[in-house]
Amino acid sequence: QPMSALLEVSFNDYAIKQTGINGAFAYNFANAITGAYPTFSINYPTVLISRGNLPNVLAPNITMGAGSILAFSWTDNSGVGGASSKDLAILVAYCPAMQQTIYAGGESRRDLTGDLNLATFTGQLVETYIGFMSEDQRSVASSIYTGSITVS
């Protein structure tokens, strides 16, 4: 729910006869929910926040910087498949304890880095993801889980 606007775009390719958010729910319900009633849980490494055929970047990494800034970095793989240096990043941090998400984008594949200000989540554990979409938002890469980190 906290990412509904993003999911409308990032799951559009796989939302046949449904909205992007419904496509995201269907995928994640089938692939990321574990356990049995009443003790369901989310397997965060299997969650997708975007899904598509555009190649994602190589070697994504996260580090926590000063001022609660989460820094993402990656290796540019422009020219592989349909990957372009102008593809736009989708950077996501989800805080399970607060059930809130912060996401941003706009950095290009060639920028090699992007930041999220997570001051709202100071002291909390967050689950992080990176994805990419083409400049025209018509092609999307399946997201990569970049790990969990405590916001300082």
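Among the residues of region 106-118, the ones that are in a strand (DSSP E or B) and farther than 15 Å from E135 by Cα come to 5 in all.
For region 62-69, the criterion of being in contact with a helix residue (DSSP H, G or I) (Cβ under 7 Å, 6 or more places away or on another chain), surrounded by 18 or more Cβ atoms within 10 Å (Cβ to Cβ) and of a type in the set (V, I, T) is satisfied by no residue at all. Quick check on region 128-152: of everything there that is touching a helix residue (DSSP H, G or I) at 6+ places or on another chain (Cβ under 9 Å) and outside any strand (DSSP E or B), which residue is most open to solvent (accessible area, probe 1.4 Å)? Filtering region 128-152 for residues that are touching a helix residue (DSSP H, G or I) at 6+ places or on another chain (Cβ under 9 Å) and outside any strand (DSSP E or B), the one most open to solvent (accessible area, probe 1.4 Å) comes out as R138.
Just a yes or no: is a residue in region 109-127 open to solvent by 20 Å² or more (accessible area, probe 1.4 Å) and under 17 Å from Y145 (Cβ atoms)? Looking through region 109-127, at least one residue is open to solvent by 20 Å² or more (accessible area, probe 1.4 Å) and under 17 Å from Y145 (Cβ atoms). Taken over region 23-71, the residue count meeting the criterion of being part of a helix (DSSP H, G or I) and under 24 Å from E135 (Cα atoms) is 2. Counting residues in region 42-53 that are under 18 Å from D87 (Cβ atoms) and open to solvent by 30 Å² or more (accessible area, probe 1.4 Å) gives one or more. Among the residues of region 8-21, not a single one is closer than 24 Å to F121 by Cβ, open to solvent by 40 Å² or more (accessible area, probe 1.4 Å) and among the polar types (S, T, N, Q).
Within this structure, L58 passes the test of being surrounded by fewer than 19 Cβ atoms within 10 Å (Cβ to Cβ), among the aliphatic types (A, V, I, L, M) and touching a residue at least 12 places away in the same chain (Cβ under 8 Å). Restricted to region 76-105, and to residues that are in contact with a Pro (Cβ under 8 Å, 6 or more places away or on another chain) and assigned to a strand (DSSP E or B), which residue is surrounded by the most Cβ atoms within 10 Å (Cβ to Cβ)? This residue is Y94.
Filter region 1-19 for residues that are more than 12 Å from M133 (Cβ to Cβ) and small (G, A, S); which is modelled with the lowest pLDDT? In this case the residue turns out to be A15.
The values are calculated or read from the model by the stated rules, or taken from the named source; none is laboratory data. Since we're looking at a predicted model, the values are computed, not measured. Every residue, glycine as well, gets a Cβ built from its backbone with ideal geometry; the counts of neighbours run over all protein chains shown. Please note that ligands, DNA and RNA were not included when accessible areas were found on the heavy atoms of the full protein model with its side chains. Shrake-Rupley method; radii C 1.70, N 1.55, O 1.52, S 1.80 Å.
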